[in-house]
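Below is one structure; the comments refer to it alone.
The values are calculated or read from the model by the stated rules, or taken from the named source; none is laboratory data. Source: prediction; values computed, not measured. Neighbour counts are summed over all protein chains in view; Cβ atoms, including those assigned to glycine, are modelled from backbone coordinates with ideal geometry.
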Amino acid sequence: MADIFLICVIVVGFFLLTVVGLYFVVKYQHPDDKNDAYIPKLVVLLGFVLAGGTVFLLPLDVANNSNFAGCEGFNTAVCGGLNMVLFWDIIYWLIPAWVFILIPFCIFYYEADDGMLMAGTSVGAKPKSKLKEALCYESFVVVIFGLIFAMTYLFMNSTSIPVRDWTGPDFAAGPLYSIGEEFNS
């Protein structure tokens, strides 16, 4: 059973992150875009929520586990009951999707209309739809970053970290000195 308090904290935290993000989007928007470009504003707003959610996920994970060693699986009765691995997986998949797919696409879509090109009055240019132009540029971004990720995964997917193994005196065998002796260092 999930902890009701933690669920309420998640809902209130999401609401507060949305309100603060909406405040920033409205306060710092360009005056020419006051009643325009809703999709890029939504992407920026949800990006703020995603960034804030990533920061607040660590304390939520700690609160869910309650600093109890049994939360790892054998005694979960006193734990929060939320599947934090799923939360972290969702965040870790949303961040690259946001950074490498959604944000560049919205930038390309927003910048595709220069007024002249879409009106067909640009000299020597054929008018294209904003969506088609944004998808064309986004495909280049996906291919380039896909190649970078594939190459780094193929050639740099493992590491060798040197580790020194230190051994000390065995304290289970008994004390280093008896109680009546004075310890000399």
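Restricting segment 124-138 to residues that are surrounded by 12 or more Cβ atoms within 10 Å (Cβ to Cβ) and assigned to a helix (DSSP H, G or I), the residue that is modelled with the lowest pLDDT is K130. Filtering segment 43-56 to residues that are buried (at least 18 other Cβ atoms within 10 Å of the Cβ) and either of a type in the set (S, T, N, Q) or under 19 Å from F5 (Cα atoms) (or both) leaves only G53. Per the listing F48, F5, the residue uniquely in contact with a Ser or Thr (Cβ under 9 Å, 6 or more places away or on another chain), free of Cβ contacts under 8 Å to residues at least 40 places away in the same chain and assigned to a helix (DSSP H, G or I) is F48. Scanning segment 1-48 for residues that are aliphatic (A, V, I, L, M), closer than 22 Å to F108 by Cα and modelled with pLDDT of 90 or more returns V25, V26, L42, V43, V44, L45, L46. Scanning segment 60-76 turns up no residue that is more than 26 Å from E138 (Cα to Cα), at pLDDT 90 or above and small (G, A, S).
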